[in-house]
Amino acid sequence: MARVKEAFEENFRRGVEVGASLAVWQGEEEVFCLADGWRDAARSIPWTADTLVLVWSATKGLSSACVLHAMDQKGLDLSTLVEEVWPEFGQNGKDHLTIGQVLSHQAGLSAVTDPTASFVDHDSVIGALERQAPLWKVGEGHGYGPRTYGFLADELVRRIAGQHLPDYWRKNLGDPLGLDLWIGLPAEEHPRVAQMLAARMNCGEVEEDFMQALATPGSLTQKAFTTPKGTFSASAMNNPTIRSASFPSLGGIGSAAALAKFYAMLAGGGTWRGRRYFSEQALGWMTNRLFQGVDKTLLTETAFSAGFMMDPVDTAGRKKRMTFGPSLTAFGHPGAGGSLAFADPENGFGFAYVMNQMETGVLPKARAIALVRAFYGLE
């Protein structure tokens with residue numbers, strides 16, 4: 001604990017934090033929750049353990065869990081064809097795509113080709129995704145879908161369970177587990193939310209290939225991060241209307257403790273206080289890598305299970321990096337700007353780090369990695 005607290009405080013001493021929390025749960029109990037700093041740029045409102053904050057793409061872990069939960073309840077499998085539950089999806093060469101391929105970013109749908117599709121219009125995006133062909137031949141790689149993934153997950157839940165994904169999240173997981181974690185924030189919770197702060201210029205590590213591709217018109221990377229149309233800057237995400245909107249790709253808002261508790265439930269075998277939320281089969285979908293390789297969107301090596309990110313491994317089965325700690329079965333999802341949450345089934349931990357001062361790029365950098373390494377005692 002002392003090592004973790006020192007690493008947490010060091011991020012503040014280095015000036016790379018404004019407000020942040022780090023929480024770990026294990027065995028249905030909170031191990032610790034660190035919180036410090038400020039909720040706002042003016043540094044007038046203290047950050048506390050129950051502060052809520054936008055977690056960007058860490059939302060995808062919640063969305064993936066909803067799809068897998070719905071599949072589990074209906075007796076479906078990762079090999080189930082998407083068109084079996086969503087007939088309109090099977091157009092333009094997508095009739096052979098499985099749910100597993102969609103959830104592991106292999107489906108070639110990391111961007112939308114219809115320029116009229118709008119991020120704030122679910123039906124327009126779903127129609128565009130139904131009509132378009134895969135952007136690459138399935139089986140020839142994977143490419144992270146920063147925006148499209150949430151629409152695909154949401155529509156799968158609607159088709160399988162008949163509910164909007166954010167509603168499914170609260171009914172089946174968020175409310176029963178008592179989580180301060182929403183995809184579409186209720187109005188009464190707005191006073192607890194921290195202000196999201198844009199990344200500073202020259203703020204340290206830069207993913208050069210990724211950043212260059214992101215700035216290149218016509219690149220898959222740029223298309224993936226800009227389609228469907230609609231810009232969501234850090235300042236725009238502070239708008240109360242946007243906070244209350246339901247964006248399963250990137251709109252989750254909650255506390256570090258809630259995220260850690262959620263992942264601790266998954267790490268503990270999918271049960272919580274006598275209630276089973278996920279079967280052993282569903283947990284296997286989370287802990288088994290479905291694809292690994294150089295990501296066509298992020299331009300670095302990534303690995304995915306069914307909707308969750310995992311650390312890549314070498315040919316001997318050893319981890320190439322330890323974003324999610326040393327366990328080979330650890331899985332979770334980072335969020336743009338630095339947030340990170342994951343489950344460690346081997347040790348039963350749920351780990352979550354959230355903050356409001358963003359950094360450049362998508363994957364976790366030194367700030368979050370220092371906390372992971374300190375927690376596990378890694379040199």
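Here are the numbers:
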quantity	calculated
Whichever residue in the stretch 325-334 is in contact with a Pro (Cβ under 9 Å, 6 or more places away or on another chain) and part of a loop (DSSP other than H, G, I, E, B) and, among such residues, is farthest from ASP77 (Cα to Cα)	SER327
Members of the stretch 187-219 found to be in contact with a Phe, Trp or Tyr (Cβ under 9 Å, 6 or more places away or on another chain), touching a residue at least 40 places away in the same chain (Cβ under 8 Å) and aliphatic (A, V, I, L, M), listed by number	ALA194, MET196
Exclusive hit being surrounded by fewer than 17 Cβ atoms within 10 Å (Cβ to Cβ), small (Gly, Ala, Ser), farther than 20 Å from ALA336 by Cα and at pLDDT below 95, set GLY127, GLY139	GLY139
Filter result (over 15 Å from ALA374 (Cα atoms) and either in contact with a helix residue (DSSP H, G or I) (Cβ under 9 Å, 6 or more places away or on another chain) or buried (at least 20 other Cβ atoms within 10 Å of the Cβ) (or both)) within the stretch 11-20	ARG14, VAL16, GLU17, VAL18, GLY19, ALA20
Subset of the stretch 333-351 (residues that are crowded, with 24+ Cβ neighbours inside 10 Å and either among the β-branched types (Val, Ile, Thr) or at negative phi (or both))	HIS333, PRO334, GLY335, SER339, LEU340, ALA341, PHE342, ALA343, ASP344, PHE349, GLY350, PHE351
Candidate set: the stretch 278-297, residues that are open to solvent by 10 Å² or more (accessible area, probe 1.4 Å) and part of a loop (DSSP other than H, G, I, E, B); chosen: the one nearest to ALA224 (Cα to Cα)	LYS296
Matching residues, the stretch 298-321, being part of a loop (DSSP other than H, G, I, E, B) and either open to solvent by 60 Å² or more (accessible area, probe 1.4 Å) or out of contact with any Ser or Thr (no Cβ under 9 Å at 6 or more places or on another chain) (or both)	LEU299, THR300, ASP314, THR315, ALA316, GLY317, ARG318, LYS320, ARG321
Residue in the stretch 22-59 that is surrounded by the fewest Cβ atoms within 10 Å (Cβ to Cβ), counting only those that are over 23 Å from THR323 (Cα atoms) and of a type in the set (S, T, N, Q)	SER44
Residue selected from the stretch 60-79 under the condition of a type in the set (Gly, Ala, Ser) and open to solvent by 10 Å² or more (accessible area, probe 1.4 Å), by the criterion nearest to the chain's Cα centre (by Cα)	SER79
Residue satisfying all of: in the stretch 155-187; among the small types (Gly, Ala, Ser) and out of contact with any Cys (no Cβ under 9 Å at 6 or more places or on another chain); least open to solvent (accessible area, probe 1.4 Å) among these	GLY174
Selection status of ALA368, modelled with pLDDT of 95 or more and either crowded, with 24+ Cβ neighbours inside 10 Å or not in a strand (DSSP E or B) (or both)	yes
Any hit, the stretch 88-101, residues being surrounded by fewer than 24 Cβ atoms within 10 Å (Cβ to Cβ), of a type in the set (A, V, I, L, M, F, W, C), touching a residue at least 24 places away in the same chain (Cβ under 8 Å) and under 30 Å from GLU140 (Cβ atoms)	yes
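The rows are residues; the columns are (1) in contact with a helix residue (DSSP H, G or I) (Cβ under 8 Å, 6 or more places away or on another chain); (2) over 21 Å from LEU179 (Cα atoms); (3) in contact (Cβ under 8 Å) with a residue 24 or more places away in the chain.
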| position | (1), (2), (3) |
| --- | --- |
| GLY270 | yes, no, no |
| LEU283 | yes, no, yes |
| PRO326 | yes, yes, yes |
| ALA336 | yes, yes, yes |
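The values are calculated or read from the model by the stated rules, or taken from the named source; none is laboratory data. Computed from a predicted structure; not experimentally measured. Reconstructed Cβ throughout: ideal geometry from the backbone, glycine too, with neighbour counts over all protein chains shown. Note: accessible area is taken over every heavy atom of the protein model, side chains too, but ligands, DNA and RNA are not part of it. Shrake-Rupley method; radii C 1.70, N 1.55, O 1.52, S 1.80 Å.
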